[in-house]
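The values are calculated or read from the model by the stated rules, or taken from the named source; none is laboratory data. Predicted model only: the values in this text are computed from it and were never measured. Please note: Cβ atoms are built from the backbone with ideal geometry, for glycine as well, and neighbour counts cover all protein chains shown. With ligands, DNA and RNA removed, areas are computed over all heavy atoms of the protein, side chains included. Shrake-Rupley method; radii C 1.70, N 1.55, O 1.52, S 1.80 Å.
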Amino acid sequence: MNNVAQILAMLHSAEHGVSGADLCRQLGVSRAAIWSHIETLRKAGFEIVASPHHGYQLVRSPDTLMADDIMSRLGKVNAIGRKITVFERTTSTNDEIEKAAINGHAEGLVVFAESQTRGRGRMGRRWSSPAGKGLWFSFLLRPKLTPDKCTQLTAATATALVRAIRSKTNITPEIKWPNDLLIDGKKVAGILTELQAELDLVHYVIIGIGIDVQQSLSDFPAELRKSAISLKMALGRPVDRPSLATAILRELDRDYARILDRQFKELAEEWEARCSTLGQHVSIEVGARTLRGRAEALDPNGALLLRTDHGRLEPVTGGDVLILDK
């Protein structure tokens with residue numbers, strides 16, 4: 001962490017303040033340098049008070065995504081969040097990660113954007129990404145997995161999101177296979193997994209996440225107002241985006257480590273407990289094919305096991321799903 005992130009980490013952890021002398025000693029810089037960094041943070045929207053008895057105290061943080069702030073809250077990670085970048089505006093965070101991946105960037109990079117001009121979901125569908133209203137971000141992985149097992153990463157991402165959202169809002173979203181989170185039957189988040197691989201070798205995986213956080217109904221495009229919801233709408237109050245972002249990255253990092261440690265079975269059980277698609281009679285469009293049957297479970301690779309109307313148990317890794325019974 002750089003000096004600003006280290007100062008924020010100490011301020012976040014010091015309930016009753018931290019002295020200028022302690023900051024100087026920890027960072028190995030002068031009091032003038034500490035004061036300069038504090039002023040920079042104040043200009044960025046952090047409310048920091050200073051007193052002779054308590055030193056510097058962080059009173060309020062802005063609802064703005066800053067790499068230094070998120071890293072200061074996150075602390076040490078295994079992989080996801082080793083480096084964090086925040087764009088004020090970009091086409092798509094998946095696009096930014098793809099450029100980094102092609103240039104050989106190590107796994108763990110996370111890219112956030114306050115807004116996206118061409119945010120996308122599955123099948124190239126547009127994802128509405130208004131400025132300052134959600135969490136729009138992607139991260140880079142280079143897992144030692146075969147391509148057929150990368151579906152595990154989408155399932156693990158969904159369980160991590162559910163856990164983090166619940167920890168910050170007491171709301172437990174449902175998982176809709178293959179990549180959506182729902183609250184009261186309305187979409188609050190989506191996951192987009194893209195990979196570059198050969199037959200038996202994964203070069204990299206990009207996972208993009210969009211979460212509707214602070215929107216009011218009028219912030220959604222007219223065509224989405226019946227099917228979308230934000231955490232603010234569900235909770236009845238705003239949600240602290242930097243705090244939620246930190247919680248999500250922490251859960252993602254833990255679940256990624258569990259997958260690499262061959263613990264997907266436990267994650268699959270958690271996913272199945274949260275998935276509203278299981279047990280339903282569904283129709284799934286997979287390219288030109290349409291499959292019908294009962295969604296039963298996840299297989300060891302993370303594919304959905306569909307008991308077809310012909311009685312076969314068929315693994316399905318993706319597609320557009322329609323619930324046929326309620």
- Message: Can you compute the helix-only [θ] at 222 nm over the chain? Use -39500 (n - 2.57) per DSSP H run of at least 4 residues, normalise by all residues, nearest 500 deg cm²/dmol.
- Response: -10000 deg cm²/dmol
- Query: In terms of modelled amide H atoms, which long-range or inter-chain residues lie less than 5 Å from the amide H of residue 129?
  - Reply: 116
- Could you pull the accessible area for residue 149 with a 1.4 Å probe, rounded to 10 Å²? 70
- Task: Name the aspartates and glutamates eligible as straight-distance cross-link partners of residue 265: C-alpha to C-alpha under 20 Å, and not fewer than 8 places from it in the same chain.
- Result: 148, 174, 251, 253, 255, 296, 299, 314
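For segment 160-305, what is one quarter of the convex hull surface built on the Cα atoms, given in nm²?
10.3
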- Query: Among 127, 136, 271, which one moves the most in a GNM of the chain with springs linking Cα atoms closer than 10 Å?
  - Reply: 127
- Per 5 Å bin, what is the whole-percent P(r) computed from every C-alpha pair distance within segment 80-197? 2, 11, 19, 23, 24, 15, 5, 1, 0
- Cross-link partners of residue 99 among lysines (Cα-Cα below 23 Å; sequence separation of 8 or more within a chain): 83, 144
- Task: Quick one: Debye curve from the alpha-carbon atoms of the chain only, equal weights, vacuum; give me log10 I(q)/I(0) at q = 0.07, 0.09, 0.10 Å⁻¹ to two decimals.
- Result: -0.31, -0.50, -0.61
- Item | HN-Hα J in Hz across segment 197-210 - Karplus 6.51, -1.76, 1.60, θ = phi - 60°, x for Gly and Pro | 8, 9, 4, 10, 9, 9, 7, 6, 10, 10, 10, x, 10, x
- Looking only at 300, 52, 130, which one moves most when the chain is put into a Gaussian network model with springs between Cα atoms under 10 Å? 52
- Query: In terms of Cα to Cα distance under 16 Å, which lysines are near enough to residue 168, apart from those fewer than 8 places away along the same chain?
  - Reply: 232
- Task: Report the local net charge at residue 250: Lys and Arg +1, Asp and Glu -1, summed over other residues whose C-beta lies under 11 Å from its C-beta.
- Result: +1
- Tell me the label-point distance for the pair residue 21, residue 64, using the 7 Å Cα-to-Cβ offset, in nm and rounded to one decimal. 3.3
- Note on the structure: The ³J(HN,Hα) series, computed from each phi in segment 86-101 with the Karplus coefficients 6.51, -1.76 and 1.60 at θ = phi - 60°, rounded to the nearest Hz and given as x for glycine or proline, is 10, 9, 5, 7, 8, 5, 7, 5, 5, 4, 5, 5, 4, 4, 5, 5
- Expressed in nanometres to one decimal, the distance between label points 7 Å along Cα→Cβ at residue 131 and residue 107 is 3.6
